[in-house]
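This report refers to the structure that appears directly beneath it.
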Amino acid sequence: MANIIVFGAGGRAGKATVAEAVRRGHRVTAVVRDPEKYAHLAGQTVAVVAGDVTDAASVAALAPGHDAAINAAAAFEEDHFASAARALTAGLAEAGVARLVAVGIGGALEVAPGVAAHDGDGLPEEARTFSRNHAAQLPILRASDREWVVLAPPLVFLDEGDGTGSYRLGNEQVIPGADKFAYADLALALVDEATEPTRFRELVAVA
């Protein structure tokens, strides 16, 4: 049994991740902005707490005693992902938590050598901007000493259904033919990489 702290536990990816971790018998600290709004997540092995993933002091206060951290938090503010990466790398280091698994974005994956999907053709400008903001966490993570991995799902709207119960990992390139994916399957990969790591300090496609 592992102790996992999940930031952004109230979102679609976060809720699926908490559910998957609980299903496997892990203990979870579910970090949200407003615990009263997400009281339904609490259970025998889940503590719902208030926290701010963009605040290093908040991360450092909540993370001690955990085996790994998962960041599923997202926001449209331009600096959200970079701020979260800075807070997580600093706060987790202070708390003594080495492993960080973060949700990435398909737009950061390469469609050609050295060319990210959000720099290629076919994406609306709003999606390009959000993807670039999302990917701004990567240089911060690379400059840190944390044992991190960022799992990037395909550039599709993720399904909120049951999923397939399986997934595949690639590398930093878009996985061909990955035209659908479920939050439940993303959660499988996130919990696997938090508890039995196979990838280290890299951006990885998951589909």
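The values are calculated or read from the model by the stated rules, or taken from the named source; none is laboratory data. As the structure is a prediction and not an experimental result, all values here were calculated from the model. Here the Cβ positions follow ideal geometry from the backbone for every residue, glycine too, while neighbour counts run over all protein chains shown. Side chains included, ligands, DNA and RNA excluded: accessible areas come from the protein's heavy atoms. Shrake-Rupley method; radii C 1.70, N 1.55, O 1.52, S 1.80 Å.
Keeping to the stretch 63-82, report how many residues are open to solvent by 40 Å² or more (accessible area, probe 1.4 Å), within 19 Å of V191 (Cα to Cα) and among the hydrophobic types (A, V, I, L, M, F, W, C). Full working, then the answer.
Our first condition is that a residue be open to solvent by 40 Å² or more (accessible area, probe 1.4 Å); within the stretch 63-82, this holds for 64-65, 67, 74, 76-79.
Checking the rest, the ones that are also within 19 Å of V191 (Cα to Cα) come to 64-65, 67, 74.
Restricting the remaining residues to those that are among the hydrophobic types (A, V, I, L, M, F, W, C) gives 74.
Residues that pass the stated criteria total 1.
Hey, among the residues in the stretch 1-46 that are among the charged types (D, E, K, R) and assigned to a helix (DSSP H, G or I), which one's least open to solvent (accessible area, probe 1.4 Å)? Please lay out each step first, then the result.
Filtering the stretch 1-46 down to residues among the charged types (D, E, K, R) leaves 12, 15, 20, 23-24, 27, 33-34, 36-37.
Remaining after also requiring assigned to a helix (DSSP H, G or I): 12, 15, 20, 23, 36-37.
On the way: R12: 138, K15: 86, E20: 18, R23: 162, E36: 163, K37: 133 Å².
This residue is E20.
Give V101, V97 a once-over and let me know the one that is in contact (Cβ under 8 Å) with a residue 24 or more places away in the chain, β-branched (V, I, T) and under 27 Å from S131 (Cβ atoms). Even if it seems obvious, please write down each step before you answer.
On the way: V97 fails: under 27 Å from S131 (Cβ atoms).
Residue meeting the stated conditions: V101.
Do you know which residues across the stretch 191-207 are of a type outside the set (D, E, K, R) and open to solvent by less than 40 Å² (accessible area, probe 1.4 Å)?
Within the stretch 191-207, the subset of a type outside the set (D, E, K, R) is 191, 194-195, 197-198, 200, 203-207.
Listed by number, the residues that qualify are V191, A194, L203, V204, A205, V206, A207.
Taking V49 as the residue in question, decide whether it is assigned to a strand (DSSP E or B), at pLDDT 95 or above and touching a helix residue (DSSP H, G or I) at 6+ places or on another chain (Cβ under 9 Å). Full working, then the answer.
Values: assigned to a strand (DSSP E or B): yes; at pLDDT 95 or above: yes; touching a helix residue (DSSP H, G or I) at 6+ places or on another chain (Cβ under 9 Å): yes.
The answer is yes for V49.
Assuming V156 fulfils every condition listed in (1) in contact with a Phe, Trp or Tyr (Cβ under 7 Å, 6 or more places away or on another chain); (2) closer than 20 Å to E193 by Cβ apart from one, which condition is it?
Checking V156 against (1) in contact with a Phe, Trp or Tyr (Cβ under 7 Å, 6 or more places away or on another chain); (2) closer than 20 Å to E193 by Cβ, the one that fails is (2).
Can you name the residue in the stretch 107-124 that is without any contact (Cβ under 8 Å) to a residue 24 or more places away in the chain and part of a loop (DSSP other than H, G, I, E, B) and is also surrounded by the most Cβ atoms within 10 Å (Cβ to Cβ) among such residues? Show your work before the answer.
The initial filter retains those residues of the stretch 107-124 that are without any contact (Cβ under 8 Å) to a residue 24 or more places away in the chain, namely 112-116, 118-122, 124.
Checking the rest, the ones that are also part of a loop (DSSP other than H, G, I, E, B) come to 113-114, 120-122, 124.
On the way: P113: 7, G114: 6, G120: 14, D121: 6, G122: 10, P124: 8.
Out of the qualifying residues, it is G120.
Kindly list the number of the only condition in (1) among the small types (G, A, S); (2) open to solvent by 40 Å² or more (accessible area, probe 1.4 Å); (3) touching a residue at least 12 places away in the same chain (Cβ under 8 Å); (4) over 13 Å from V206 (Cα atoms) that fails for A85.
Only one criterion in (1) among the small types (G, A, S); (2) open to solvent by 40 Å² or more (accessible area, probe 1.4 Å); (3) touching a residue at least 12 places away in the same chain (Cβ under 8 Å); (4) over 13 Å from V206 (Cα atoms) is unmet by A85, namely (2).
Restricting to the stretch 155-185, give me the number of residues that are within 17 Å of V115 (Cβ to Cβ) and either surrounded by fewer than 20 Cβ atoms within 10 Å (Cβ to Cβ) or touching a Ser or Thr at 6+ places or on another chain (Cβ under 9 Å) (or both). Before you say what the answer is, go through the steps one by one.
Filtering the stretch 155-185 down to residues within 17 Å of V115 (Cβ to Cβ) leaves 155, 170-176.
Subsequent filtering for residues that are either surrounded by fewer than 20 Cβ atoms within 10 Å (Cβ to Cβ) or touching a Ser or Thr at 6+ places or on another chain (Cβ under 9 Å) (or both) retains 155, 170-173, 175-176.
Final tally of qualifying residues: 7.
Pairs, please: C-beta under 6 Å, at least 6 apart or cross-chain, first residue free of Cβ contacts under 8 Å to residues at least 24 places away in the same chain and in the stretch 125-150, second assigned to a helix (DSSP H, G or I)?
R128/H118
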